[in-house]
Amino acid sequence: MSDLNYDVAVIGLGAMGAATLYQLAKRGVKVVGIDRFTPPHDQGSSHGDTRITRQAVGEGDAYAPLVRRAQQIWRELEAETGAELFEQCGVLVMTSSETATSHHGTADFTERTLSQARRYGIDHEALNAEQIRARFPQFAPVLDSATGYFEAGGGYVRPERCIATQLQLAHQHGAEVLTGVTVTGLDAHADYVDIQNSGTTLRAKRVIVSAGMWNAELLGAPFDRLLRVCRQKLYWFELAQPSIFPEKSPTFILAHGPTDEDLCYGFPPLPGENCMKIATEHYSSATTPQALEREVSAEECAEMFRTQLVGKIAGVLPRAVKTAVCTYTVTPDFHFIIDQHPTRPNITVVSACSGHGFKHSAAIGEALAQQVVDGHSELDLSAFSLERFAAGEATV
Ligand SMILES: Cc1cc2nc3c(=O)[nH]c(=O)nc-3n(C[C@H](O)[C@H](O)[C@H](O)COP(=O)(O)OP(=O)(O)OC[C@H]3O[C@@H](n4cnc5c(N)ncnc54)[C@H](O)[C@@H]3O)c2cc1C
């Protein structure tokens, strides 16, 4: 046992851990953050330059307050540090399909997004195909039956910068940050948890595990049954000159067929880059952190262009100038798990990915810190409890 004692240890300093560490340190909690790499890094789920953020969250009503608060926090962090974290370029969600569509396990994503925006009073425009083509010529190929949701308040955040900024502030507020340290085991007692790593054992009264795709291997049951790691590929395709895909265009989600994989999403070119980041989603096969294939092949680039761009998006050339591999850690219902460990109550588990967690991360970190300090959080996280898997079908 070591004499290194903390009130809280945060294990994993990606999107969720960096936000939590910062919020705890800001509140004066004696906290340590531990990561196996040196965040921000490109080995987990939080790299690749950009993440979409939107206030109307078609995945479910429980998310709307989270993203609203997260967007405020990004702005507060920008004001405090001068970092540029949130680009409010708008977001365009479209359905252009002869058949029903699905996204993150949610049917008719555009319609659900629209109806949530109406319910929550979020500024938006409902667009038909003609309006989409007139306003955004890069989407001229959409079907005549296409529908669109445009939210001017959405856009993208810069994940690496968000993580770096929060870690830096956490450090300034007194948090200890241990990088290059892999936690190998958690030994929970009534009043404390011993945290094993290759060098030493740390002790904390409470542990928050936000280890992304490594959550299951660190925690075992029931997380090894609930979490699937799915390999995702990011592509930066070259733009045609002169581009009809301008820097000042919105982020987008385009559902064009019946399954979650008949969908692409993308971003306007970043300043100075003549390429557009685009991706689709893969859920059909699972992998492990160790087995993850980290290279994207030329065949995968060609298939992406053929299935997700040709006839769907204009102004993009077939050459991928850059690629990356990232992972979704997916729960059975595509929603998050943010809850106490079922048998070790002084361990909180945060698995807020399923491919849509970043936009909420700043607010999740704040809510977790409030739970530690105040005993409860202003935002309601109960929709993300583990209980729903015991009870059967979940509604979020
Ligand atoms: C391709 C892709 C696109 C996405 N697009 C969007 C989007 O547009 N909008 C959106 O809102 N969300 C999006 N997401 C989801 C979002 O990025 C994730 O929800 C979020 O980044 C997950 O953060 P995390 O903290 O859970 O995991 P990570 O960021 O992976 O962090 C986990 C950390 O734990 C550390 N760690 C693991 N095991 C240990 C250990 N044993 N000891 C010490 N440290 C450990 C790792 O090194 C890592 O730093 C996307 C995800 C991907 C992969």
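The residues of the range 145-154 include none that are assigned to a strand (DSSP E or B) and out of contact with any helix residue (DSSP H, G or I) (no Cβ under 9 Å at 6 or more places or on another chain).
Just one of the listed residues (99, 95) is open to solvent by 10 Å² or more (accessible area, probe 1.4 Å) and out of contact with any helix residue (DSSP H, G or I) (no Cβ under 8 Å at 6 or more places or on another chain), and it is 99.
Okay, residues lined up against (1) without any contact (Cβ under 8 Å) to a residue 40 or more places away in the chain; (2) open to solvent by 20 Å² or more (accessible area, probe 1.4 Å); (3) more than 17 Å from the chain's Cα centre (by Cα); (4) farther than 21 Å from residue 87 by Cα:
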position	(1), (2), (3), (4)
236	no, no, yes, no
244	no, yes, yes, no
248	no, yes, yes, no
252	no, no, no, no
260	no, yes, no, yes
264	no, no, no, no
268	no, no, yes, no
275	no, no, yes, no
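Screening 14, 44 for residues that are touching a Pro at 6+ places or on another chain (Cβ under 7 Å) and closer than 30 Å to residue 294 by Cα leaves exactly one candidate, 14.
Each residue in the range 211-228 was checked for being farther than 18 Å from residue 43 by Cα and either open to solvent by 30 Å² or more (accessible area, probe 1.4 Å) or basic (Lys, Arg) (or both), and 3 of them qualify.
The values are calculated or read from the model by the stated rules, or taken from the named source; none is laboratory data. Source: prediction; values computed, not measured. Here Cβ is always computed from backbone atoms with ideal geometry, including for glycine, and neighbour counts include all displayed protein chains. Keep in mind that these areas ignore ligands, DNA and RNA; they rest on the heavy atoms of the full protein, side chains included. Shrake-Rupley method; radii C 1.70, N 1.55, O 1.52, S 1.80 Å.
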